Amino acid sequence: MLNKNIETFLGFDADYQESSLVIFGAPFDSTTSFRPGTRFASKVMRSESFGLETYSPYQDADLTDYPLFDGGDLELSFGNTERALEQIEEFTAKILEDQKIPCMIGGEHLVTLGAVRAAAKRYPDLHVIQFDAHTDLREDYLDQPLSHATVIRRIWDLLGDNRIYQYGIRSGDRPEFEWAAKQHVFMNKFNFDGLENTVKKLQGKPVYLTIDLDVLDPSVFPGTGTPEAGGVSFTDLLTAILTVSDLNIVACDVNELSPVYDQSGVSTAVACKVVRELTIALNKK
């Protein structure tokens, strides 16, 4: 039994036992390659979420229609990356064991590895769908195998070929794109074209959904550590979320908001809205 966080995300007011989905923060950014600050995302999002309504006019549904729980932020070991990933894995495993959907707020994208480790142990046939500007497929970054620039490569080490589907990709070094082209992962560059075909293919399979918010264009979402021009719109991302929500999403995350780089608060508001729409979509199906 987990205790409710003192300050909760908007609409996440149910008790743990009755909840269908559990949100929690993974405030970790120790391997960020450019501009740090994602460790502050979950705390700021909780506070700023109250600028939204609980009702989604996109889905004609309300956060209050579902039992949702906020488990707070994990106290992660900033000086020990592997231990931080173990802590994320342990917490995610607990939620999965209790037959609830874990929804993690990063943090840098490396936090996804901890959650995927837990999900893969529970669901050996796990597949991953990634919305992202970056490939994250490097073997190492500055001689470090654990980095937000290597997270999907480490997930591939875990899952193997033909289990990872990338959308929105528009940045990476040439070897990453060449490696992906050898059919280790499915990569769709720039947008969400063909996502419907992936959804048809993965029907009935357990799926982990990871949303790196820098998949959005910086004009929509400037508050991130590694902004990349040429991204998708909020409407594009919302449509993609609703499309994949038809799948058996067993766990998910939303990551890479760095609120300090957008003093207007717009990026945080966008991130909160993504979480609202995602959690409603996963409960509504």
Checklist entry - If we count every other residue with Cβ under 9 angstrom of Thr135's Cβ, Lys/Arg +1 and Asp/Glu -1, where does the sum land? => result -2
Item to check | Protein accessible area in the chain, 1.4 Å probe - carbon and sulfur % | outcome: 48 percent
Checklist entry - Rounded to the nearest 5, what is the percent of antiparallel bridges among the DSSP beta bridges in the range 169-257? => result 0 percent
Checklist entry - How far is the Cα center of the range 27-64 from the Cα center of the range 167-235, in Å? => result 20 Å
Item to check | Residue-averaged [θ]222 nm for the chain, counting only DSSP H segments that reach four residues, each worth -39500 (n - 2.57) | outcome: -9500 deg cm²/dmol
Checklist entry - Tell me, what is a quarter of the convex hull surface for the C-alpha atoms of the range 24-150, in nm² with one decimal? => result 9.3 nm²
Item to check | Anchor Lys43: lysines whose Cα lies under 19 Å away (excluding residues fewer than 8 positions away in-chain) | outcome: Lys4, Lys273
Checklist entry - Give or take rounding to whole Å, what are the principal axis extents of the alpha carbon atoms in the chain, in descending order? => result 46, 41, 36
Checklist entry - In a Debye calculation with equal point scatterers on the alpha-carbon sites of the range 206-285 and no solvent, what is log10 I(q)/I(0) at q = 0.20 Å⁻¹? => result -0.84
Checklist entry - In the neighborhood of Ala14, defined by Cβ-to-Cβ distances under 10 Å, what is the net charge if each Lys or Arg adds +1 and each Asp or Glu adds -1? => result -3
Checklist entry - Counting Lys and Arg as +1 and Asp and Glu as -1, each charge on the Cβ, what is the dipole of the chain about the Cα centre in debye, to the nearest 20? => result 480 debye
Next on the checklist: Students often check this: by mean Cβ neighbours within 10 Å, which of 89-100, 174-185 ranks highest, and how do the rest follow?
Outcome noted: 89-100, 174-185
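The values are calculated or read from the model by the stated rules, or taken from the named source; none is laboratory data. This one's a predicted model, so the numbers in the text were calculated from it and none came from an experiment. Every residue, glycine among them, receives a Cβ derived from its backbone with ideal geometry; neighbour counts consider all protein chains shown. Calculation scope for accessible area: heavy atoms of the full protein, side chains included, ligands and nucleic acids excluded. Shrake-Rupley method; radii C 1.70, N 1.55, O 1.52, S 1.80 Å.
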